[in-house]
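Trainee: Before we start, here is the structure in question, set down as structure tokens.
Read-outs: derived from the displayed coordinates by stated rules, not from any lab. Owing to the predicted nature of the structure, the values given are computational and were not obtained by experimental measurement. Glycine gets a Cβ as well: all are built from the backbone with ideal geometry, and neighbour counts include every protein chain shown.
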Amino acid sequence: MMKNLIFLLLASFIFACESGNGQNVNKLEVNEFEKKLVNSSNAQILDVRTPEEFKANHLKNALNADYNGDDFENMIESLDKQKPIFVYCLSGGRSSSAAKILLAKGFVEVYDMKGGMAAWKANNKPYESLIKKQGMSIEDFNKQIATDKLVLVDFNAKWCAPCQKMLPMVTALAETHQDKLTLLKIDFDANEDLVKALKVNEIPLLLIYKKGEIIWQKTGLTEKSELEKVIAEN
């Protein structure tokens, strides 16, 4: 009993020392993240998304190291562990995991942006792109949905696994109900102005319009039966 108590006290002491030693991930909202970044003269910025996502948009001076890539850990070894590192992804999932790895590898000051690039763009923060894209305008989009048919809008991306998983189902569904349904596929990265105008922060996103008005929407994986039900009721 006494031995267990001593062990628990020792473990608590070690944890307290580590917590008070700055060895933790600092999760910051977009505005806090930007402010801290601007005030850090020796900041390192790490974008842990795919190369395709990085090309589409990224923070200035960011280094790209795909969290799901085979060489992720080798790439981060080239960074200075004594300098602050600012990490982000699309919406916060991958960056949260990457930040924990950075901490475990000895980086002393790790900042993780809540909401990721989606939140950054939603707050009208500056970013760079390696690709020039025209994309669909909000005017063209409104023309597309102003029809007597139902319009199923699918916001997706090539790097989005759930999007690609649903694509065959959505395509087949549109073919089956082509008499009353039109499918409109929107690439998240290639239509930044439209994404911003419609405030799309997460994908996959499915929306169903009827005469220009949204009658249903769903973020994340969606079952065919759920879409079938909406189509049948309208």
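Trainee: Could you compute the FRET efficiency for Glu32 and Asp140, with r as their C-beta to C-beta distance and R0 at 25 Å, rounded to 0.05? Could you put the intermediate results ahead of the total?
Mentor: Details: r = 37 Å, r/R0 = 1.46.
Calculated value: 0.10.
Trainee: Here's something else I'd like to know. Placing +1 on the Cβ of each Lys and Arg and -1 on the Cβ of each Asp and Glu in the range 138-233, which of Ser225, Val200, Leu167 has its Cα farthest towards the positive end of the resulting dipole?
Mentor: Ser225
Trainee: Students often check this: by mean Cβ neighbours within 10 Å, which of 160-168, 83-91 ranks highest, and how do the rest follow? Let's see the in-between values first.
Mentor: Details: 160-168: 15.2, 83-91: 23.4.
With the highest mean Cβ count within 10 Å placed first, the list reads 83-91, 160-168.
Trainee: Would you mind ranking Met113, Met75 so that the residue whose beta carbon has the fewest other beta carbons within 10 Å leads the list?
Mentor: Sorted ascending by nearby Cβ count, the order is Met75, Met113.
Trainee: What is the ratio of the Cα radius of gyration of the chain to 2.2 N^0.38 Å, where N is its residue count, to two decimals?
Mentor: For the chain, the normalised Cα radius of gyration is 1.27.
Trainee: While we're on this one: Compute the long axis of helix 161-176 from its Cα atoms, compare it with the longest principal axis of the Cα atoms of the chain, and write down the angle in degrees, 0 to 90, nearest 10.
Mentor: Around 10 degrees separate the two axes.
Trainee: Any of Lys105/Lys196; Lys55/Lys224; Lys196/Lys224; Lys35/Lys185; Lys121/Lys185 with alpha carbons more than 30 Å apart? Name them for me. Let's see the in-between values first.
Mentor: On the way: Lys105/Lys196 36 Å; Lys55/Lys224 33 Å; Lys196/Lys224 28 Å; Lys35/Lys185 36 Å; Lys121/Lys185 21 Å.
In this structure, Lys105/Lys196; Lys55/Lys224; Lys35/Lys185 lie more than 30 Å apart at Cα.
Trainee: How far is it, in nm, from the label point at Asn24 to the one at Lys180 when both lie 7 Å from their Cα along the line to the Cβ?
Mentor: If labels sit at Asn24 and Lys180, their model points lie 5.5 nm apart.
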